[in-house]
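Let me begin by presenting the structure, written as structure tokens, before commenting on it.
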Amino acid sequence: MNNTDLSPALSNPITEARFAPVYQILADAIQNRAFPGCAFGVLSGGTVVLQDALGRFTYDEAADSVTPETAFDIASITKVVATTAAAMLLYQRGVLELDTLLGELLPGFVVGRSPGEFARHVKIRHLLSHNSGLPGYIELFRTSPTPDALYRACLQLPLEAEPGARAEYSDPGFILLGKALEVLTRTPLDSFVDDEIVRPLGLSSTAFNPPNRARPFIPPTEDDTTFRHRSIQGEVQDENAWVLKGVAGHAGLFSNVPDLLRFSHEILGASLVGSADPTIFTRESVQVFAERQGPPGSSRALGWDAPSADSSAGNLFSSHSIGHLGFSGCSLWIDLDASIVAVLLTNRTWPDRQSQLIRQVRPAYHNAVRNALLESHK
């Protein structure tokens with residue numbers, strides 16, 4: 001499917017009228033300072049039906065305008081586009097076994113722990129499912145200022161629950177997962193992602209650590225007054241990922257709407273029965289990684305999230321959907337039943353992290369997208 005033309009259809013009055021509610025929701029969000037600007041796109045039935053942008057890089061009237069091709073810090077969407085995607089490729093090649101114990105790949109995770117400790121039972125599957133028992137977000141960068149120190153701190157974290165017993169969204173879990181994949185591939189995570197995902201799919205704006213020349217064309221994420229003491233633009237916002245030199249399993253990737261639509265097109269193509277288009281993923285790997293995991297009540301699949309009762313995907317995406325959010329205000333949702341993708345990229349954390357309006361904007365945006373597509377089929 002990487003050879004398929006995913007260029008959006010030319011703008012026309014019918015298309016603009018159909019998606020008018022989408023534009024209104026996003027324009028109102030900018031007016032209410034949910035975020036200064038956004039880029040967004042929709043894929044339906046293998047065709048890009050919407051790809052556009054609103055607003056500016058910041059709230060300054062002189063700031064650059066966001067375009068559909070603007071790259072953003074996609075934060076935790078890194079977990080699916082880079083880390084989970086890499087795990088899917090290794091799984092389908094027979095290199096990665098989901099039930100491999102983490103301690104077998106990263107001995108430092110179990111060295112010094114007693115035989116009965118939960119850490120000795122953590123599997124790769126648990127890390128992907130966010131039910132390893134590891135804690136959620138921790139400001140490791142405060143006490144671990146180097147990559148080696150932060151990685152060592154992750155290895156030594158005490159588990160808060162038995163593996164598989166509790167769902168707890170864990171950044172440290174994905175930091176360790178990224179390291180485990182590096183052990184399996186004997187390749188840095190960013191190099192593997194570039195060689196095996198970015199280049200084969202022709203993703204032109206997806207990368208860890210954008211070059212200095214590209215940074216002015218990326219919306220800033222934060223005016224950091226507590227840690228780096230500068231405006232964060234074109235470098236990863238997540239401080240733990242920054243200490244890890246911008247490359248981590250949980251955050252660090254930059255991308256834009258066209259690239260994320262193309263990546264999602266590959267996921268959809270692999271999931272379709274009888275699809276003849278070549279993809280880098282197999283149907284089995286998409287099925288396996290899209291299956292919800294335990295414990296009961298968790299919306300987590302393997303690496304991916306799935307819709308919940310109060311999902312950011314709204315209430316019109318099917319239960320057979322997968323997606324992920326990013327702290328910077330980004331989201332990616334793929335409805336595997338309806339063959340629909342919705343991407344929303346923002347820098348809602350500018351100039352600081354206080355606004356939580358994105359929580360209302362995301363479901364409203366996704367419901368408006370689905371309603372627009374439903375109307376077009378009547």
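The values are calculated or read from the model by the stated rules, or taken from the named source; none is laboratory data. Since we're looking at a predicted model, the values are computed, not measured. Here Cβ is always computed from backbone atoms with ideal geometry, including for glycine, and neighbour counts include all displayed protein chains.
Structure notes:
- Note on region 289-315: among residues that are small (Gly, Ala, Ser) and more than 24 Å from Ala34 (Cβ to Cβ), the one that is surrounded by the fewest Cβ atoms within 10 Å (Cβ to Cβ) is Gly297.
- Qualifying residue in region 182-195 (condition: within 26 Å of Pro115 (Cα to Cα), out of contact with any Ser or Thr (no Cβ under 7 Å at 6 or more places or on another chain) and touching a residue at least 24 places away in the same chain (Cβ under 8 Å)): yes
- If you check Leu260, Leu272 for being surrounded by 14 or more Cβ atoms within 10 Å (Cβ to Cβ), in contact (Cβ under 8 Å) with a residue 40 or more places away in the chain, more than 22 Å from Ser170 (Cα to Cα) and more than 15 Å from the chain's Cα centre (by Cα), only one passes: Leu272.
- Sub-7 Å Cβ pairs linking a first residue in region 113-140 that is touching a residue at least 40 places away in the same chain (Cβ under 8 Å) to a second residue that is part of a loop (DSSP other than H, G, I, E, B) and aromatic (Phe, Trp, Tyr), at least 6 apart or interchain, are His130/Tyr169, ordered by first then second residue.
- Within region 59-71, tally of residues that are over 16 Å from Arg262 (Cα atoms) and in contact with a strand residue (DSSP E or B) (Cβ under 8 Å, 6 or more places away or on another chain): 5
- Among the residues of region 316-332, those identified as out of contact with any helix residue (DSSP H, G or I) (no Cβ under 7 Å at 6 or more places or on another chain) and either touching a residue at least 40 places away in the same chain (Cβ under 8 Å) or buried (at least 20 other Cβ atoms within 10 Å of the Cβ) (or both) are Ser321, Gly323.
- In region 140-194, counting only helices (runs of 4 or more DSSP H) that sit wholly within it, the ones holding 2 or more residues that are more than 24 Å from the chain's Cα centre (by Cα) span 147-155.
- Any chance Ser114 is at pLDDT 95 or above and polar (S, T, N, Q): no
- Which listed residue is of a type in the set (A, V, I, L, M, F, W, C), touching a residue at least 24 places away in the same chain (Cβ under 8 Å) and either within 17 Å of Thr84 (Cβ to Cβ) or in contact with a Lys or Arg (Cβ under 6 Å, 6 or more places away or on another chain) (or both), from Leu177, Leu155, Leu159: Leu177
- Subset of region 354-369 that is within 11 Å of Phe19 (Cα to Cα) and within 21 Å of the chain's Cα centre (by Cα) - its residue that is surrounded by the fewest Cβ atoms within 10 Å (Cβ to Cβ): Tyr365
- Residue satisfying condition, being within 24 Å of Pro351 (Cβ to Cβ), in contact with a Phe, Trp or Tyr (Cβ under 6 Å, 6 or more places away or on another chain) and part of a helix (DSSP H, G or I), within set Ile25, Ile77: Ile25
- In the condition set (1) buried (at least 21 other Cβ atoms within 10 Å of the Cβ); (2) more than 23 Å from Trp304 (Cβ to Cβ), Ser170 is compliant with all but (2).
- Sole residue being closer than 30 Å to Phe281 by Cα, over 22 Å from the mean Cα position of the chain (by Cα), at pLDDT below 70 and not acidic (Asp, Glu), chosen from Ser11, Ser7: Ser7
- Single residue of region 324-338 satisfying the filter (in a loop (DSSP other than H, G, I, E, B) and under 19 Å from the mean Cα position of the chain (by Cα)) that is nearest to Glu69 (Cα to Cα): Cys330
- Flag for Phe40 being part of a loop (DSSP other than H, G, I, E, B), at pLDDT 95 or above and touching a strand residue (DSSP E or B) at 6+ places or on another chain (Cβ under 6 Å): no
- Contact annotation: residue pairs with Cβ atoms under 6 Å, 6 or more positions apart or on different chains, pairing a residue in region 226-243 that is closer than 12 Å to Phe327 by Cβ with a partner that is among the acidic types (Asp, Glu), are Gln237/Asp73; Gln237/Glu222.
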